[in-house]
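Take a look at the structure below.
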Amino acid sequence: KNQVEQSPQSLIILEGKNCTLQCNYTVSPFSNLRWYKQDTGRGPVSLTIMTFSENTKSNGRYTATLDADTKQSSLHITASQLSDSASYICVVDSGGGADGLTFGKGTHLIIQP
Amino acid sequence: DAGVIQSPRHEVTEMGQEVTLRCKPISGHDYLFWYRQTMMRGLELLIYFNNNVPIDDSGMPEDRFSAKMPNASFSTLKIQPSEPRDSAVYFCASSLWDGVYQPQHFGDGTRLSIL
C-alpha cells in the first residue's frame, strides 16, 4: 500500500532558527514529490515539485531535497519567520492521474518570537 | 489573477439537509479536484475532472455525495442527505497540464459542520 509518513507531527522553534521536516514514502512507481504549505484556515500552497532526477530544489528560504533511492525527502527552512508557522504537507505522485497522489498528514510548525 | 474561489466559506446545517458546495477554478485550467480534509485522515481526494468530464470518483465516500462540472468555470459538490460524520473542510483545486508537472492551486475551502 502506498504511504507517506511525515515527521515530526509537530515542531516548535524560535524565530530565526533553522529546521528540517522529514518525509518518507513507500509509493511505487514514483513520478514526483511535492511540498505544500498550509496556513491556518487557508488552502495548501505549492512550495516545490521534484522529479526523479532532481536532488534539490529551492524556493526562497525553503529548500527541498530528494533521495529517490532511500525514498526520503526533507524540507529545510532557513532563518525561520513568524509567517512560516503553518502545516507542511508532503505529497508523492505515482503518475497516471490525480488518483496517483498520496498525501502525508503533515507537520505542524510553530515559530515562536 | 484570481485564484480558486469556493463558496460558502462556512456552512452549518442540521443532519438530513442537502448541502451544496461551489467552486470556480482558475481560468484556463483543465483539471479540477475536490478534496476533504480532517484531522484524523488528512487530505483525501474525492473526485476529479478533466475538461469538465469526471475521471475518477472512487474517493467519493457514498452515494450521498455527488459532483458536477457543467462548464469549465463552475463545479459543485453536493451531499444529500448530510450526516454529522461529513463534517470536515472541503477543498477545491485546479491545475493545468502542459506537458510538465504543475502544482494544484487550492481554494481556501468550505468548513462544513453537520449538527
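FYI, it's all coordinate maths here, none of it is from the lab. None of these values were measured; they are calculated from a predicted model. Here the Cβ positions follow ideal geometry from the backbone for every residue, glycine too, while neighbour counts run over all protein chains shown.
Loop sites here are trypsin sites (Lys or Arg not before Pro) outside DSSP states H, G, I, E and B with no more than 12 other Cβ atoms within 10 Å. The longest part of chain A free of them is A:18-113. Residues B:10, A:76, B:29 in ascending order of nearby Cβ atoms (within 10 Å, fewest first): B:10, A:76, B:29. For the range B:3-40, applying the loop criterion from DSSP together with a ceiling of 16 other beta carbons within 10 Å to the GluC sites (Glu not before Pro) yields B:14, B:18.
Sites listed here are trypsin sites (Lys or Arg not before Pro) in the range B:1-47 whose DSSP assignment is loop and whose Cβ has at most 14 other Cβ atoms within 10 Å: B:9, B:41.
Straight-distance candidates among the lysines for linking to residue B:68, with alpha-carbon spacing under 23 Å and chain neighbours fewer than 8 residues away dropped: B:24, B:78. By the Cβ-Cβ criterion of under 4.7 Å, the unpaired cysteines of the protein assembly as shown are A:19. Remark: A:101, A:11 ranked as A:11, A:101, counting other beta-carbon atoms within 10 Å and listing the fewest first. Approximating the spin labels as points 7 Å out from Cα along Cα→Cβ, the residue B:78-to-residue B:101 distance works out to 3.6 nm. Our estimate of slack between residue B:13 and residue B:41, defined as 0.36 nm per intervening residue step minus the Cα-Cα distance, is 7.8 nm. Ranking B:25, A:73, B:82 by how far each Cα lies toward the positive end of the dipole of the protein assembly as shown (charges on Cβ) leaves A:73 at the top. A full extension of the chain between residue A:9 and residue A:67 corresponds to an added length of 18.8 nm, given 0.36 nm per residue minus the alpha carbon distance.
Backbone amide hydrogens, once placed in the peptide plane, bring residue A:31 within less than 5 Å of A:93, A:94, A:95, excluding anything fewer than 5 places away on its chain. The range A:1-72 and the range B:21-78 have Cα centres lying 24 Å from one another.
Restriction of the chymotrypsin sites (Phe, Trp or Tyr not before Pro) in the range A:1-79 to DSSP coil positions whose beta-carbon has at most 12 other beta-carbons within 10 angstrom yields A:52.
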